[in-house]
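These notes are about the structure you will find just below.
The values are calculated or read from the model by the stated rules, or taken from the named source; none is laboratory data. Since the structure is predicted, the reported quantities are computational estimates derived from the model, not experimental observations. Neighbour counts are summed over all protein chains in view; Cβ atoms, including those assigned to glycine, are modelled from backbone coordinates with ideal geometry. With ligands, DNA and RNA removed, areas are computed over all heavy atoms of the protein, side chains included. Shrake-Rupley method; radii C 1.70, N 1.55, O 1.52, S 1.80 Å.
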Amino acid sequence: MKGKAAEADGSTHHPPASVPPHSNEQIGLLQRHPDQPPDSKVLKVVIIGAPNAGKSTLSNQLLGTKVFAVSKKVHTTRCRSLGVLTENDTQIILLDTPGLTTHSKVKRHHLDKSLLVDPWLSVKEADLMVVMVDVSDRWMRSRLDYEVLKCLAQHPHIPAVLVLNKVDLMKSKDRLLDVTAQLTGGVVNGRRIQVRPVIKPPSQQGWPHFKDVFMLSSVDREDVETLKTYFIVNAKPGSWLYHSEVLTDQSPEEICTSIIREKLLEYLPQEVPYSMTQSVELWQDGENGQLDISVKLYAIKESHMVRSPTHF
Ligand SMILES: Nc1nc2c(ncn2[C@@H]2O[C@H](COP(=O)(O)OP(=O)(O)O)[C@@H](O)[C@H]2O)c(=O)[nH]1
Ligand SMILES: [Mg+2]
């Protein structure tokens, strides 16, 4: 029998959240009433930042499973999707955003126009904004992206924290303090931070209203655990949005499609994967429950068809 088990220490263990192999089961799961305890807490977190900052990597690590595609190339995440993390009496809703897209980028990278749907639509509903910056990128770490700043300025009532990601790639860690001073304008949680004099004057492109700053590596389990604890501590009393067995709102087909796309982006040259489409079918083997996946890839150009299979 499935159910929750109350432990001696008062914590509650939910059955592990997962994605059922059939989309109709997933829809059924998404429609189930949240199995929340009387003292339930909730926190809706939106992770924003430039493409490649590590937003999807962080979400996957927080969820403990890969549900979002990750790539070095931009625009792996095509639309907004969410992940659900339920622990004891608390539910954290993670909104993974596609990053920043402008008309010029859509044109340049031959992208799907649907990416132009306001990427910040979900921000309005969030209880906490996590701004991610890739500190291994000299350019990105020197200033906050204009679109990110705009988003922060438009939602001043939503608490925001700064996450300096990919610290594992940074050779001299003491640079992190300068980066923090730069990106926060030298102010965190209303207080002027103590840093040694910065050689350059603090940039005008920082945000002086961050509540906290985290320096971490999304690929490090312990680092991510610190952030998860922060979310749990900051969750507010309120109703859960989903049943505790829900892991994401994506269908199993959507997860397959986006992860295959991630591989196409990784292995195929330049613009080829951007013009490819897929049709995915999933079915479960009756005998041993094995999941079979059939994928059809459609290429626009004849040359892409000849070229593609040789890369796998
Ligand atoms: N070394 C290192 N690589 C990371 C870290 N976080 C993300 N990445 C890599 O950065 C790239 C972009 O990550 P992704 O999560 O797709 O970024 P998104 O566009 O913001 O969702 C991928 O190749 C990740 O493996 C990190 O903390 N350290
Ligand atoms: Mg992403």
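Residue-wise test of (1) open to solvent by 10 Å² or more (accessible area, probe 1.4 Å); (2) out of contact with any strand residue (DSSP E or B) (no Cβ under 8 Å at 6 or more places or on another chain); (3) at positive phi.
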residue	(1), (2), (3)
S18	yes, yes, no
K55	yes, no, no
L58	no, no, no
F68	no, no, no
G83	no, no, no
D89	yes, no, no
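In segment 237-267, which residues are over 18 Å from the mean Cα position of the chain (by Cα), open to solvent by 20 Å² or more (accessible area, probe 1.4 Å) and of a type in the set (G, A, S)?
Once the filter is applied, which keeps residues that are over 18 Å from the mean Cα position of the chain (by Cα), open to solvent by 20 Å² or more (accessible area, probe 1.4 Å) and of a type in the set (G, A, S), segment 237-267 yields G238, S239.
Tally up the residues in segment 268-290 that are surrounded by 13 or more Cβ atoms within 10 Å (Cβ to Cβ) and either of a type in the set (A, V, I, L, M, F, W, C) or at pLDDT 80 or above (or both), please.
Summing the residues that are surrounded by 13 or more Cβ atoms within 10 Å (Cβ to Cβ) and either of a type in the set (A, V, I, L, M, F, W, C) or at pLDDT 80 or above (or both) in segment 268-290 gives 6.
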